[in-house]
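Take a look at the following structure, please.
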Amino acid sequence: AATFCVATACFAETVLFDFESESDAAVVAAANPGGCSLTVTNGLATSGDKALRIDFPQSQGGWPSFTLKPPVADWSGYDRLVIDYTSLGESGDSFSLKIAGPDGPVNRRCIATGRQVSTKGYEQWVVPLKWSPKAPSNNIARVHFNTYSPQGFSVVIDRLALLKSGEEPKPPQASFFMHELLPLVVADAQAAGRRTDEALHDVDYERFRAAC
């Protein structure tokens, strides 16, 4: 677990992956991607220097997916999973997450959630961990991501962390907003015919929201 304080605010979290270490690289190498590609990249890292980029090419049918094996198996003391998530497109595709034990089909006895890839930009994806007898918490072995019949999209994820009740996630490093997110948002604004100052406002808002 890590604790990080800014002024009067304290943030605590148990980091599962931030894609900086050799052990994280080994987990990515064993993720068994099907219908997508995984790249540990130096771009859009919210913590440290590296993040994981996922590219889903256009596909007619099928369930492109990959699975990360978490270094912590017992999640019983945690009530949220938080993922730093940056979308690089607006395809309208679904991007789903399933949290499961080691046995059986991943879509059974799991916590399942998802989101639509509809906005280019960054947010902290907060996943409530609501355990039940069908989704036991003490033997988690698979963090599984998938989509269905994608139009083609790319996302970058970083710092997957578990939170206990009362804990708050650490906000992204300041350099992420100015040197990584800002060029992405400005380029998107220019392509859409929006003013650059509107894009700057968007980035300032994201930075403020992440720090609160």
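The values are calculated or read from the model by the stated rules, or taken from the named source; none is laboratory data. Note that the structure is predicted; figures quoted are calculated from it, not measured. Using ideal geometry, Cβ is built from the backbone for each residue, glycine included, and neighbour counts are taken over all protein chains shown. Quick note on the areas: whole protein, heavy atoms, side chains included, nothing else; ligands and nucleic acids left out. Shrake-Rupley method; radii C 1.70, N 1.55, O 1.52, S 1.80 Å.
Against the conditions (1) modelled with pLDDT under 95; (2) open to solvent by 50 Å² or more (accessible area, probe 1.4 Å), where does Gly48 fall short? Just the number, please.
Tallying (1) modelled with pLDDT under 95; (2) open to solvent by 50 Å² or more (accessible area, probe 1.4 Å), Gly48 fails exactly one: (2).
For residues that are open to solvent by 10 Å² or more (accessible area, probe 1.4 Å) and aliphatic (A, V, I, L, M), scanning just region 110-122, find the one that is nearest to Gly77 (Cα to Cα).
Here the answer is Ile111.
So the check is Cβ under 6 Å with 6+ separation or different chains; which pairs have a first residue in region 20-38 that's without any contact (Cβ under 8 Å) to a residue 40 or more places away in the chain and a second one that's open to solvent by less than 50 Å² (accessible area, probe 1.4 Å) and among the charged types (D, E, K, R)?
That search, which allows pairs on different chains as well, returns Ser37/Asp55.
In region 123-166, which residue that is among the charged types (D, E, K, R) and open to solvent by 40 Å² or more (accessible area, probe 1.4 Å) is modelled with the lowest pLDDT?
Result: Lys134.
Return yes when Ser87 is in contact (Cβ under 8 Å) with a residue 60 or more places away in the chain, in contact with a Lys or Arg (Cβ under 6 Å, 6 or more places away or on another chain) and of a type in the set (Ser, Thr, Tyr) and no when it is not.
The answer is yes for Ser87.
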